[in-house]
Every structure is written in C-alpha cells, then in structure tokens.
Amino acid sequence: MSKNTEKISCRCLILCGSEDKINMKSVYSFHDHIKDSTLKIIPESAHEVNTDNQRELSSVIAEFWRNAL
C-alpha cells in the first residue's frame, strides 16, 4: 500500500464484488488505510460489479451520496 493512500482526506466509497477473490485483500487494505472510507461488498458479483449486480450497485452508490449530503 502506498504511503500516499493514507493522505486521502475525502470520503471514499470502496467497492468489491463478493466473488472477486483476487481483489478482496486489496479492498480491505485500502479501507484500513483511507481514514474516511466506506467499504461495501456487493453480493452475487465478481470483478465487474456494474454488470453483475447493477441494482445493488446503484443502491449502494445512492445510499453513499444520501449520507454524504
């Protein structure tokens, strides 16, 4: 993990598909190193969350923005 990751100061939404085993470790590491991050694991999806589970992705993004305002 880059030292610069800890310098991120804005709210971040970190996403990963529940079946994306290759990137799962990385997303948890990003979440641990970015102070104001939200981690969401999208069920029934792999690496291409936007095609695998569009409805859940849309819901998670909408919720993130609602809470940000």
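The values are calculated or read from the model by the stated rules, or taken from the named source; none is laboratory data. Please read these numbers as outputs of a predicted model, since none were measured by experiment. FYI the Cβ positions are ideal-geometry reconstructions off the backbone, even for glycines, and counts take in every protein chain you see. Note: areas computed on protein heavy atoms with side chains; ligands, DNA, RNA excluded. Shrake-Rupley method; radii C 1.70, N 1.55, O 1.52, S 1.80 Å.
Details
- For the chain, the fraction of 1.4 Å probe accessible surface lying on carbon and sulfur atoms is 50 percent.
- Per residue accessible area in Å² of the chain, where ligands, DNA and RNA are left out and the probe is 1.4 Å: 73
- Inter-probe distance in nm under a simple model that places probes 7 Å from Cα toward Cβ, at Glu63 and Ile14: 1.8
- For the chain, calculated [θ]222 nm from helices alone, where every DSSP H run of n ≥ 4 adds -39500 (n - 2.57): -14000 deg cm²/dmol
- Counting only Cβ charges, +1 for Lys and Arg and -1 for Asp and Glu, the dipole size of the chain around its Cα centre is about 340 debye.
- Over the chain, the hull volume per residue, using the convex hull of the C-alpha atoms, is 75 Å³.
- Projecting the Cα atoms of Val27, Cys12, Gln54 onto the charge dipole of the chain (Cβ charges, centred on the Cα centre) puts Cys12 farthest toward the positive pole.
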